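The values are calculated or read from the model by the stated rules, or taken from the named source; none is laboratory data. Model, not experiment: these values are computed from the prediction. Virtual Cβ from ideal backbone geometry, glycine too; neighbours counted across all protein chains shown. In case anyone asks, the SASA skips ligands and DNA or RNA and just uses the protein heavy atoms, side chains included. Shrake-Rupley method; radii C 1.70, N 1.55, O 1.52, S 1.80 Å.
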Amino acid sequence: MKILYIVNARIPTEKAHGIHAMKMCEALAGLANIELVIPRRFNKIKGDPFDYYRVERNFKIKKLPCLDLIIFDRLIGHLGLWVESATFFVSLFFYALFKKADVVYGRDKYSLPLVFFKKNFISEIHTFPKNYGPYKQFFKRAKMIVVITQGLKNLFIGKGIPADRVLVAPDGVDLNEFKIQKSKVKIREELGLPQDKKIVLYAGHLYEWKGVQVLADASQFLPNNIEVYFVGGTEKDIEEFKQKTQGLNNVIIVGHRPHSEVPLWLKAADVLILPNSGKEAISRHWTSPLKMFEYMAAGKPIVASDLPSIREI
């Protein structure tokens, strides 16, 4: 079986969807011949994707040309994403049109128009469209829709999509990455972390709906022997978060670390935090955080927001 797995993303990336796409392809490669199709974009992360994510080289990566204006997003805003997505789809259309594949699998909304040209199109969706109308015919024609929470499935069923055509497949984790024999003392020594402090740790992005500011603000009420670490984020978000957390002496912003290093940070901590905000639907009902599964794999106590999306797991 031949599967085209399409993701409109920069890979490697500091964002979770890069881990998800690479791990999905690695897993599917045990069942079929996989080709990961991505845009050829400017990337500050120069590492080889397979090495960066510690993924087996059992599938191919195909990069298609696009006009990458996302690097100018501070000047032109969302226009850069629209131009990149449109030009990537043009390349994708001609590539997929003449490419034989048993399954065409789109991980995001940007490849959805292929559903009119490929009867074997499967759509994976992580967020529900704000304006469903323009997408209605795409989803109706898809052979299957894969979602990550029951909350998302219920929304599609409510829009007339038959329940048997919507598969709930929550995110997950590679347990092998957490088979670490080193002690917590040794790991902290390697990472340059204090041995005499209790470490509260958040690993992931610094978006507002992730609730990171709530965690940072709460840190001032903790005893002096507790430090709160934030691991992850993009350059822009890290800069802004540092400004917002000035004066909080027990907050340490580590920034982005290679994915292969994340299990060590989780193992070094005493408590792991999942502080998602309940103010946005993506957080309440749609998200299936990779970090949640990584936290569990690390075997540490977890403090999590009481939300339907997290309660599912």
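Of all residues in segment 217-244, which are out of contact with any strand residue (DSSP E or B) (no Cβ under 7 Å at 6 or more places or on another chain) and either under 21 Å from P263 (Cα atoms) or in a helix (DSSP H, G or I) (or both)? Residues satisfying the conditions are D217, A218, Q220, F221, T234, E235, K236, D237, E239, E240, Q243, K244.
Residues F94, F156: which one is surrounded by fewer than 14 Cβ atoms within 10 Å (Cβ to Cβ), among the hydrophobic types (A, V, I, L, M, F, W, C) and not in a strand (DSSP E or B)?
F94
Just give me the residues in segment 259-303 being free of Cβ contacts under 8 Å to residues at least 24 places away in the same chain and among the hydroxyl-bearing types (S, T, Y), in sequence order. Matches in segment 259-303: none.
Residues in segment 285-307 that are surrounded by 19 or more Cβ atoms within 10 Å (Cβ to Cβ) and charged (D, E, K, R) were compared, and the one that is nearest to A203 (Cα to Cα) is K291.
Looking at I145 and the list (1) in contact with a strand residue (DSSP E or B) (Cβ under 7 Å, 6 or more places away or on another chain); (2) outside any strand (DSSP E or B); (3) among the hydrophobic types (A, V, I, L, M, F, W, C); (4) closer than 30 Å to A297 by Cβ, which single condition is not satisfied? For I145, the failing item is (2). Note on segment 62-75: among residues that are open to solvent by 80 Å² or more (accessible area, probe 1.4 Å), more than 20 Å from the chain's Cα centre (by Cα) and aliphatic (A, V, I, L, M), the one that is farthest from K2 (Cα to Cα) is L75.
On the stretch given as segment 159-181, residues that are over 19 Å from R284 (Cβ atoms), without any contact (Cβ under 8 Å) to a residue 40 or more places away in the chain and open to solvent by 70 Å² or more (accessible area, probe 1.4 Å) total 5. The single condition among (1) buried (at least 20 other Cβ atoms within 10 Å of the Cβ); (2) touching a strand residue (DSSP E or B) at 6+ places or on another chain (Cβ under 9 Å) that Y53 does not meet is (2). On the stretch given as segment 156-199, residues that are farther than 23 Å from G18 by Cα, of a type outside the set (S, T, N, Q) and out of contact with any helix residue (DSSP H, G or I) (no Cβ under 8 Å at 6 or more places or on another chain) total 11. Taking (1) open to solvent by 10 Å² or more (accessible area, probe 1.4 Å); (2) within 20 Å of the chain's Cα centre (by Cα); (3) under 17 Å from P39 (Cβ atoms); (4) modelled with pLDDT of 95 or more in turn, Y110 satisfies each apart from (4). How many residues does segment 76-89 hold that are open to solvent by 80 Å² or more (accessible area, probe 1.4 Å) and either in a loop (DSSP other than H, G, I, E, B) or of a type in the set (V, I, T) (or both)? Total meeting the criteria: 1. Taking F59, is it open to solvent by 20 Å² or more (accessible area, probe 1.4 Å), at negative phi and among the hydrophobic types (A, V, I, L, M, F, W, C)? For F59, the condition - open to solvent by 20 Å² or more (accessible area, probe 1.4 Å), at negative phi and among the hydrophobic types (A, V, I, L, M, F, W, C) - is not met. Within segment 207-232, residues that are within 22 Å of D196 (Cα to Cα) have Cβ atoms under 6 Å from residues that are of a type in the set (D, E) and assigned to a helix (DSSP H, G or I) in no pair, counting only partners at least 6 apart in sequence or on another chain. Every condition in (1) crowded, with 19+ Cβ neighbours inside 10 Å; (2) in contact with a helix residue (DSSP H, G or I) (Cβ under 7 Å, 6 or more places away or on another chain); (3) among the small types (G, A, S) is met by A269 except one, and the failing one is (2).
Among the residues of segment 182-195, just one is open to solvent by 40 Å² or more (accessible area, probe 1.4 Å), assigned to a loop (DSSP other than H, G, I, E, B) and closer than 15 Å to V271 by Cα, namely Q195.
In the list F72, F94, which residue meets the criterion of being closer than 21 Å to K15 by Cβ and among the aromatic types (F, W, Y)?
Within the list F72, F94, the selection yields F72.
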